[in-house]
1. Please compute the average number of Cβ atoms from other chains found within 10 Å of each residue's Cβ in peptide A:330-337.
2. What aspartates and glutamates sit close enough to residue A:156 to cross-link, taking a C-alpha to C-alpha distance under 18 Å and skipping anything fewer than 8 places away on the same chain?
3. Based only on Cα atoms, what mean projected area does the convex hull of the stretch B:226-371 have, in nm²?
4. Just need log10 I(q)/I(0) for chain A at q = 0.13 Å⁻¹, Debye formula, equal scatterers on the alpha-carbon atoms, no solvent, rounded to two decimals.
5. Per residue of the stretch B:123-132, in order, report the coupling 6.51 cos²θ - 1.76 cosθ + 1.60 (Karplus, θ = phi - 60°) as ³J(HN,Hα) in whole Hz, putting x for Gly and Pro.
6. For the stretch B:168-204 and the stretch A:30-71, what is the centre-to-centre distance using only Cα atoms, to the nearest Å?
7. Separation of the stretch B:33-110 and the stretch B:264-319 by C-alpha centroid, Å?
8. Could you list A:98, A:77 in order of exposure, starting from the residue whose Cβ has the fewest other Cβ atoms within 10 Å?
Amino acid sequence: MKGPSKPPSPAKVSRSLSDYVYDPKTRGLVLQALVALLLVWFVGSIIENTIRNLEAQGIASGFDFLDNTAGFDISQTLIAYTNTMTYARAFLVGLLNTLLVAVVGIFLATIVGFGIGIARLSGNWLVATLASVYIETLRNIPPLLMLFAVYFGVLKTLPSPRDSLELPLSSYLNTRGLYFPAPIWGDGTWLFLLGLVAGLGGVVLLYFRARRKFILTGQAPSVAVPAAGLIIGLPLVAFVAAGSPLAFEYPVAGRFNLKGGLVVQPEFIALLAGLTLYTAAFIAEIVRSGILAVHKGQREAAAALGLHQGQIMRLVVIPQALRVIIPPLTNQYLNLTKNSSLAVAIGYPDLVSVFAGTVLNQTNQAVEVILITMSVYLLLSLLTSLFMNWFNARVALVER
Amino acid sequence: MAVNSEPRKGPPQRNSIGIAQWVQENLFGSVGNSILTLFGLSFSVWLVWSVVDWAILRAVFTGSDGSACRIEGAGACWPFVVHKFQLFMYGRYPVEEIWRVNLTYVLALAGLIPLMLPGIPGKLWLSIYMLVVFPVIAFFLLTGAEWFGLPNVETEKWGGLLVTLVVACVGIAASFPLGIILALARRSELPLIKWLAIFFIEFVRGVPLVTVLFFASVMLPLFLPENVTFDKLLRALIGVALFSAAYLAEVVRGGLQAIPRGQFEAADALGLGYPQKMGFIVLPQALKLVIPGIVNSFIALFKDTSLVLIIGVFDLLGIVQQGISSDAKWFSPQTAATGYVFAAFVFWLFCFGMSRYSAWLETRLDTGHKN
């Protein structure tokens with residue numbers, strides 16, 4: 001306290017023991033010291049027990065095991081992997097599989113969730129009711145149950161490879177997964193890619209020019225047609241000019257299985273479907289509350305300015321709703337990423353299933369394996385929330 | 001229109017309109033709306049029809065094994081659920097001891113229902129019964145007490161809904177006080193305590209429950225002295241409780257932050273100590289504010305109990321899954337779907353019930369201080 005009535009400095013006053021006992025500062029220090037002692041003892045005894053237990057069971061420690069040969073196969077690999085490679089490589093394969101399902105899942109769940117959230121607010125009673133039935137059903141069922149239902153209840157009851165279901169575009173669906181033609185790029189692909197990049201660059205340029213004109217004059221030139229021309233036409237011309245360097249490898253029915261083409265594993269489909277449908281129900285609720293949080297006057301003002309329903313939504317309501325939506329949406333993205341670890345229950349080779357499952361069983365090095373696995377998820381969570389905080393800050397800045 | 005002199009109680013009534021006008025306004029307001037309605041209608045009809053067709057019309061209701069369900073075009077295989085009902089509910093709990101589980105349920109309901117319904121006196125005694133007396137009785141009833149003539153039943157034999165409820169209830173009971181302590185610690189002015197709480201909460205919230213369960217299942221045994229061993233169920237319980245406590249702590253912290261400074265200062269001015277300040281002034285207000293969040297955490301915990309099957313504890317989902325995948329006698333194309341629909345329905349019933357209860361409680365406890 002700084003003022004004329006400053007109390008006499010403590011040094012001049014003699015203090016008895018009871019002063020110390022009732023002094024909040026002293027109490028705090030003593031309490032913290034006690035907690036620190038307890039913590040040291042607790043951690044120390046855990047370490048001691050662990051070392052003794054590991055010795056008794058003859059388990060090695062340290063991270064050297066990462067360089068050992070893995071010796072097991074993984075059913076879905078995004079990078080080259082054989083069973084003669086190291087545990088570190090297997091870890092990487094698992095991590096990439098986790099990231100794949102998380103990224104695709106987040107993308108799909110966002111689309112489905114926004115759709116259902118907006119549908120729930122629809123003026124059409126039937127559509128709104130259907131959306132709320134979806135939300136109330138899926139939110140109250142464990143995600144693991146949904147994974148099982150999709151995997152064992154649907155995908156595993158599909159026909160065997162011999163009588164696969166034929167889908168359009170020479171795709172096949174059977175109990176081993178979804179087969180579709182694999183594109184094979186020939187020589188001259190670079191020309192096509194160049195066309196694509198140039199088209200994209202042109203669209204960006206066009207957008208900024210249109211925006212500048214809008215800010216300067218208030219007239220918004222239509223960019224849709226030239227943009228479509230740039231982004232579709234230019235690559236197409238380049239494609240034809242390069243002599244159509246694209247061929248497809250079609251899946252062919254072999255004796256027991258389909259051969260060739262690209263395969264999406266049923267485990268991946270089940271995990272993706274389960275995570276998407278489950279998370280979408282939560283995202284829908286977030287979107288709904290975000291839109292409801294935008295004041296009614298905003299809509300009315302927009303309508304008074306002569307904007308039509310689509311413009312009101314796109315230009316007025318959604319940008320303001322996003323501010324409310326983004327923080328909880330981040331949580332849902334993190335939840336989806338963490339829930340992707342449920343893969344271990346249906347055998348999709350994600351990080352937990354490959355590393356904390358198979359590698360742990362083979363090496364018995366529980367402490368190291370679990371620590372590595374947990375740190376990866378911690379890091380992922382941290383990165384996602386950092387990114388979303390940055391995005392959130394950008395959206396929030398729009399406010400005047 | 002007759003004049004109603006009696007003042008009506010309750011919220012103001014909506015303007016009532018005729019059915020035809022309601023349909024016109026809400027379903028066929030414009031061309032786009034009409035198209036949407038027609039789409040929605042055909043989808044709903046298709047959905048309801050497929051469910052009724054599968055669950056009733058084409059379903060198999062009788063049979064002592066899966067052979068009846070194996071015929072072409074059969075729907076749900078209900079005998080699977082009927083025959084395994086006891087397994088799904090109690091796991092492999094000895095049949096002659098099942099009354100003990102049922103008695104535990106009755107004792108729990110006897111305390112819980114009057115506690116949950118407002119207007120029933122003696123809440124304090126009921127709380128003491130539920131928090132102190134009941135857990136002790138339930139523990140001895142379920143695990144056994146030789147000195148009382150109740151044979152021991154190892155937790156290995158527990159399963160099904162029993163395990164789901166035990167994990168959920170113990171998880172809730174343990175994580176609630178733990179979550180409050182963590183939240184208070186995180187708001188503490190003592191740096192060491194604050195940072196310990198932050199570290200614990202953020203660590204647990206950053207990792208999936210599956211890894212926490214793996215941790216509890218393979219690392220906890222290493223942490224303990226050699227002669228101490230843990231039951232598998234207990235390890236799962238520790239994992240679930242720690243996990244849930246971290247989430248609950250954040251919910252409670254939200255409530256603590258919403259309490260105005262004046263309340264803390266007023267408590268200080270009255271000379272209340274820290275426990276009194278928190279226990280009498282701050283927490284009652286803060287917890288009331290975050291009832292929806294707390295119930296959401298409990299619902300999440302209830303759903304998360306299904307994950308214990310990954311470390312080999314058979315809860316409702318685990319035992320249904322086991323019945324589907326490893327019992328050749330019941331194998332049929334629709335067994336899996338039937339089992340999952342049954343399990344989903346049970347989970348849904350509990351979670352939906354909890355969310356309705358919380359919504360109702362929220363309106364009841366609303367003292368009009370919001371906004």
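Every read-out reported here was derived from the displayed coordinates using simple, explicitly stated rules and does not represent laboratory data. Treat the numbers as computed from the prediction; the structure is a model and nothing was measured. Note: ideal-geometry Cβ built from the backbone for every residue, glycine included; neighbour counts use all protein chains shown.
1. On the way: counts 0, 1, 0, 0, 3, 2, 0, 1.
Counting other chains' Cβ atoms within 10 Å and averaging over A:330-337 gives 1.
2. A:166, A:267, B:72, B:327
3. Values: hull surface 55.3 nm².
Dividing the Cα hull surface by four gives the mean projection, 13.8 nm².
4. -1.34
5. Each residue of the stretch B:123-132 in turn: 4, 4, 5, 5, 5, 4, 4, 5, 8, 10 Hz.
6. 23 Å
7. 33 Å
8. Going from least to most buried by this count: A:77, A:98.
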